[in-house]
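A short reminder: the numbers here are calculations on the coordinates, not readings from a lab. Model, not experiment: these values are computed from the prediction. Positions of Cβ are generated from backbone atoms using ideal geometry, with glycine treated the same way; all protein chains shown enter the neighbour counts.
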Amino acid sequence: MSQGRGQLTNRIKAKSKELLGYEITQKELRLMPYILYTMQNEQKIEIHKIDPEERKILKKWKSEDHIEGGASGLRITKEFWNILCEIVFLGYVDID
């Protein structure tokens, strides 16, 4: 069985638990590449591209001090950036 891109696997759940302290959801995994893209480009979340469930995820990340701001300008900690990179690598690049 091969892993599809953006598929939440046990390996990703374990890594997120190790790095974040909890198992991420499928929706959270799929939001992560958008946050990386946003930070590399305009650094502003396009609110029309974010649904209510994703807004809750962003709120959770804000409450955990991983990110600040949003549509007016997004900021992210280096630690959280590295966590996103590692998880996105497992979910989209290092496909077994």
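Which of the helices (runs of 4 or more DSSP H) found entirely inside the stretch 21-96 contain at least 3 residues meeting this: over 22 Å from residue 4 (Cα atoms) and in contact with a strand residue (DSSP E or B) (Cβ under 9 Å, 6 or more places away or on another chain)?
52-63
Tell me, yes or no, whether the stretch 3-15 has at least one residue that is of a type outside the set (A, V, I, L, M, F, W, C), in contact (Cβ under 8 Å) with a residue 60 or more places away in the chain, in a helix (DSSP H, G or I) and in contact with a helix residue (DSSP H, G or I) (Cβ under 8 Å, 6 or more places away or on another chain).
yes
For (1) out of contact with any Cys (no Cβ under 9 Å at 6 or more places or on another chain); (2) surrounded by 14 or more Cβ atoms within 10 Å (Cβ to Cβ); (3) farther than 25 Å from residue 74 by Cα, each residue gets a yes or a no:
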position: 7; (1), (2), (3): yes, yes, yes
position: 10; (1), (2), (3): yes, no, yes
position: 16; (1), (2), (3): yes, yes, no
position: 19; (1), (2), (3): yes, yes, no
position: 30; (1), (2), (3): yes, yes, no
position: 35; (1), (2), (3): yes, yes, no
position: 41; (1), (2), (3): yes, no, no
position: 46; (1), (2), (3): yes, no, no
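For the stretch 4-27, give me each residue that is in contact with a Phe, Trp or Tyr (Cβ under 8 Å, 6 or more places away or on another chain) and either of a type in the set (Gly, Ala, Ser) or within 14 Å of residue 86 (Cα to Cα) (or both).
Within the stretch 4-27, 6, 16 meet the criteria.
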